[in-house]
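Contents: one structure, followed by commentary.
The values are calculated or read from the model by the stated rules, or taken from the named source; none is laboratory data. Quick caveat: nothing in here was measured; it's all calculated off a predicted structure. Cβ coordinates were reconstructed from backbone atoms using ideal geometry, including for glycine residues, and neighbour counts include every protein chain displayed. These accessible areas exclude ligands, DNA and RNA; they are computed on the full protein's heavy atoms, side chains included. Shrake-Rupley method; radii C 1.70, N 1.55, O 1.52, S 1.80 Å.
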Amino acid sequence: AIVKAVISLPADAFKLAGTGAKTSVLYLQKRRANPDDPTRFLDEPQTDVFMAVADTLGYEVKNNVEDYSKGLPNDLAVIAGAYVRGE
C-alpha cells in the first residue's frame, strides 16, 4: 500500500467508547495490480505523506455525553480541506 496521510486525533476522540487511547487515522491507497502478472503489484513510488494533528473534534465529553454547545472547532474539516488542496 501507499501511505497517503496520517492524522492524529485527540485523546478523547473515543472517550464515549470507554477508552482514552491516543489514536491516529492512517489513510492508505492500495497499489494497482500488474497487468502482466495479476498476482503482483505495480512498483509505484511512495510519494509525500500528508500529516496533521486534530486538537479538537467540535465537542467536549462530559458525563458520558458529547457536548457541542461550547462552540469548539472541528479540526477535521480544516484538515480535510488542506488535504484536498494539497497543502
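Each residue of region 15-27 is assigned a 3J(HN,Hα), and the resulting list reads 4, 5, 7, x, 9, x, 5, 5, 10, 10, 9, 10, 9 Hz, derived from the Karplus form 6.51 cos²θ - 1.76 cosθ + 1.60 (θ = phi - 60°), x at Gly and Pro. Histogrammed with a bin width of 10 Å, the alpha carbon distances of the chain distribute as 15, 34, 26, 15, 8, 1 percent, first bin at zero.
Ignoring lysines fewer than eight residues from LYS62 along the same chain, the ones with Cα atoms less than 27 angstrom from its Cα are LYS15, LYS22, LYS70. Where both partners of a DSSP beta bridge lie in the chain, what percent of those bridges are antiparallel, to the nearest 5? Beta bridges within the chain, antiparallel portion: roughly 75 percent. Within the listed set ALA17, ALA52, ALA77, the Gaussian network model of the chain (springs between alpha-carbon atoms below 10 Å) gives the highest mean-square fluctuation for ALA17.
For the chain, chymotrypsin sites (Phe, Trp or Tyr not before Pro) are listed when DSSP marks them as loop and at most 13 other Cβ atoms sit within 10 Å of their Cβ; the list is TYR68.
Accessible surface for the chain, divided over its residues, is 73 Å² per residue with a 1.4 Å probe. To put it simply, the accessible area of the chain at a 1.4 Å probe is 56 percent carbon and sulfur.
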